[in-house]
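A.B. asks: Provided herewith is a single structure, encoded as structure tokens, for subsequent inquiry.
We did not get these values from a lab; they are worked out from the coordinates using the rules stated. Note that the structure is predicted; figures quoted are calculated from it, not measured. Virtual Cβ from ideal backbone geometry, glycine too; neighbours counted across all protein chains shown.
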Amino acid sequence: MRPSWVSLALLANILCLCQSYTLRSSVSWVVSSNDVVEDGDLSEEVAPALLVDSAGLWKQAYPSSSVLGDGAESPGELVKPESDRAAQLSSRLFSYRLEKVKKSASSSPTPHQETAKTARYIAHYSDWGYLATISTQDKIKGLPFGNIFSVSDGPLDNSTGVLYFYVTPMDDTVADLKSNPYASLTFSEAEGEFCRQMVYDPEDPRCARLTLTGKMVEVAPEELEFAKEAVFSRHPVMAKWPVGHKWFFMKLELIQVWLQDWVGGTLLIPLEDYFKATPF
């Protein structure tokens with residue numbers, strides 16, 4: 001019996017001397033107290049470093065020369081990092097320093113009775129939406145196909161109600177639009193904090209939904225500068241995407257504004273009312 005007591009005593013001593021453990025995905029490993037980073041508490045300096053360290057695939061696919069481009073008209077010139085370190089980070093992967101991200105949310109949603117203003121509010125403060133097209137892909141040709149796009153109807157202090165996109169011909173959705181330029185763009189108020197704070201399910205009619213249907217067209221030269229300002233001010237990382245993908249700007253020319261923002265059914269907002277309203 002004595003050897004077993006000795007073994008237990010040695011095991012107890014070893015456990016007392018061990019450093020603390022942390023559990024991740026059912027796997028434990030030793031970490032010192034100085035190395036533990038609480039979830040959701042990444043500082044502005046830590047987060048970019050973690051992205052760079054774990055982004056080998058992205059760095060391999062898009063080396064810095066491809067991201068920045070060689071031409072004088074590279075979109076990368078529109079965003080100027082504050083330091084050499086920031087320039088290094090932004091040229092190595094599609095990320096940007098956390099302080100550059102602007103909060104695109106107003107203090108409180110528009111009252112649901114003001115339907116046109118609600119539609120403009122959702123269109124302006126949504127950073128992305130779900131675009132549905134008629135597919136040209138072989139296996140689903142002629143069927144609906146949905147895709148996520150980052151969008152902007154203008155800088156945060158200048159809403160137009162017109163949604164702008166930055167797209168590449170390599171995207172299946174763009175191929176669809178060449179065949180049939182009509183599409184529907186859907187937003188949900190669940191993108192922001194309001195529905196979570198109110199404990200509304202995304203399908204709850206009080207959690208507003210907006211669908212804009214129209215014709216997707218390429219932005220005309222005289223409108224190009226505003227489109228750049230609208231999109232890049234809200235999505236600055238886009239200005240450094242690879243120029244070899246031949247990115248260009250499109251916008252949605254509206255035909256119909258569909259809204260559900262309360263119980264009792266859906267509404268069609270007249271285009272005149274939609275464009276007269278303001279989200280502010």
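A.B. asks: Quick one: go through segment 107-122 and flag any residue whose amide nitrogen is under 17 Å from the point 7 Å out along the Cα-to-Cβ line of residue 263.
C.D. replies: 112-113
A.B. asks: Based on other C-beta atoms within 10 Å, arrange 234, 206 from fewest to most.
C.D. replies: The order, fewest Cβ neighbours first, is 206, 234.
A.B. asks: Here is a follow-up. So what are segment 132-199's ellipsoid semi-axes, whole angstrom, largest first, if each one is the square root of 5 times an eigenvalue of the alpha-carbon gyration tensor?
C.D. replies: 27, 17, 9
A.B. asks: State which entries of 251/276; 141/246; 246/276; 178/276 exceed 27 angstrom in Cα-Cα distance in the structure shown. Each step should come with its number before you reach the end.
C.D. replies: Numbers: 251/276 19 Å; 141/246 25 Å; 246/276 35 Å; 178/276 31 Å.
246/276; 178/276, as the Cα separations exceed 27 Å there.
A.B. asks: Output ³J(HN,Hα) for segment 132-148: one whole-Hz value per residue in order, computed from phi by the Karplus curve 6.51 cos²θ - 1.76 cosθ + 1.60 with θ = phi - 60°, and x for Gly and Pro.
C.D. replies: Per residue, the Karplus-derived 3J(HN,Hα) values read 10, 10, 8, 6, 10, 5, 3, 6, 10, 4, x, 9, x, 9, x, 8, 8 Hz.
A.B. asks: Same structure, new question: Could you line up 176, 157 from fewest to most neighbouring Cβ atoms inside 10 Å?
C.D. replies: Listing 176, 157 from fewest to most nearby Cβ atoms yields 157, 176.
A.B. asks: Ok, one more. If I model a spin label as a point 7 Å beyond the Cα along the Cα-Cβ vector, how far apart are those points for residue 217 and residue 197 in nm?
C.D. replies: Between residue 217 and residue 197, the label points sit 3.9 nm apart.
A.B. asks: If neighbour count is taken as other Cβ atoms inside 10 Å, put 229, 189, 253 in order from fewest to most. List each step's numbers first, then the result.
C.D. replies: Values: 229 16, 189 24, 253 13.
By the 10 Å Cβ count, ascending, the order reads 253, 229, 189.
A.B. asks: Same structure, new question: Within segment 205-221, whose backbone N sits under 18 Å from a point 7 Å along Cα→Cβ of residue 147?
C.D. replies: Backbone N within reach: 212-219.
A.B. asks: Okay, next question. Once amide H atoms are built 1.01 Å from N in the peptide plane, which residues 5 or more positions from residue 151, or in another chain, come under 5 Å H to H?
C.D. replies: Amide H neighbours of residue 151: 128, 129.
A.B. asks: Same structure, new question: Give me the net charge for the shell around residue 174: Cβ to Cβ below 12 angstrom, other residues only, Lys and Arg +1, Asp and Glu -1.
C.D. replies: Numbers: positive: 178, 246; negative: 171, 172, 176, 218.
Net of charged neighbours comes to -2.
A.B. asks: Let me ask something else. Extension gain residue 276-residue 253, at 0.36 nm per residue separation less the Cα-Cα distance, in nm?
C.D. replies: 6.7 nm
A.B. asks: Then there is this: Hey, rough spin-label estimate for residue 170 and residue 206, points 7 angstrom out along Cα→Cβ, what's it come to in nanometres?
C.D. replies: 4.5 nm
A.B. asks: Show me the three semi-axes of the equivalent ellipsoid for segment 110-276, from the C-alpha gyration tensor (sqrt of 5 times each eigenvalue), largest first, rounded to whole Å.
C.D. replies: 26, 19, 15
A.B. asks: OK, next. Cβ under 12 Å from residue 141's Cβ, residue 141 left aside: what net charge do those residues give with Lys, Arg +1 and Asp, Glu -1? Mind dumping the intermediate values first?
C.D. replies: Values: positive: 139; negative: 138, 172, 176.
My count for the surroundings of residue 141 gives -2.
A.B. asks: Also, I was wondering about something else. In whole Hz and in residue order, list the ³J(HN,Hα) couplings for segment 264-280 that follow from phi through the Karplus curve 6.51 cos²θ - 1.76 cosθ + 1.60, θ = phi - 60°; x for Gly and Pro.
C.D. replies: For segment 264-280, the Karplus-derived couplings read x, x, 9, 10, 10, 8, x, 4, 4, 5, 4, 6, 6, 6, 9, x, 8 Hz, x marking Gly and Pro.
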